[in-house]
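Data first, discussion second: the structure below is written as structure tokens.
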Amino acid sequence: MIEYWHNPRCSKSRQGLELLAEKGAEITLRKYLEDAPTLDELRATQAALDVAAISMMRTSEKTFEELGLSKDLDDTTLLQAMADHPILIERPLGKKGDKAAIGRPPEKLLDLL
């Protein structure tokens, strides 16, 4: 089962969902803007992705600048910012067991199958 962090307003998120559905993946949708992940969930996702927290963020979001965030901040600060402001989380994102993938491009989600 893939937990899919989805924003229905995002074209890449819709494309990723369609791609996984075409491949017959079992998916649980999580509209992460309404059901924001906790700090612990973000830490676990970061570990599954094996990336720096900044790689999980939408740095072009207006909120990133408004909060005075920068790419040089430590992971703890950036993860907390994502927990507090889920709009900052890069999308789409899929999780399955101890694996995760950011769907940029959407084909990267196929690694979860």
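If you check residue 70 against the conditions, is it under 24 Å from residue 2 (Cα atoms), at pLDDT 95 or above and polar (S, T, N, Q)?
no
Looking at region 2-36, which of its residues are exposed (fewer than 13 other Cβ atoms within 10 Å of the Cβ) and either at pLDDT below 95 or at negative phi (or both)?
Answer for region 2-36, where residues must be exposed (fewer than 13 other Cβ atoms within 10 Å of the Cβ) and either at pLDDT below 95 or at negative phi (or both): 8, 9, 11, 18, 21, 22, 23, 26, 28, 34, 35.
Out of the residues in region 37-72 that are more than 17 Å from residue 94 (Cβ to Cβ) and small (Gly, Ala, Ser), state the one that is surrounded by the most Cβ atoms within 10 Å (Cβ to Cβ).
Among them, the one singled out is 53.
If a residue has to be among the hydrophobic types (A, V, I, L, M, F, W, C) and in a loop (DSSP other than H, G, I, E, B) to count, how many in region 67-92 make the cut?
3
For the list (1) over 18 Å from residue 12 (Cα atoms); (2) small (Gly, Ala, Ser); (3) not in a loop (DSSP other than H, G, I, E, B), I need the number of the one condition that residue 101 fails.
All conditions pass for residue 101, except number (1).
The values are calculated or read from the model by the stated rules, or taken from the named source; none is laboratory data. Source: prediction; values computed, not measured. Glycine gets a Cβ as well: all are built from the backbone with ideal geometry, and neighbour counts include every protein chain shown.
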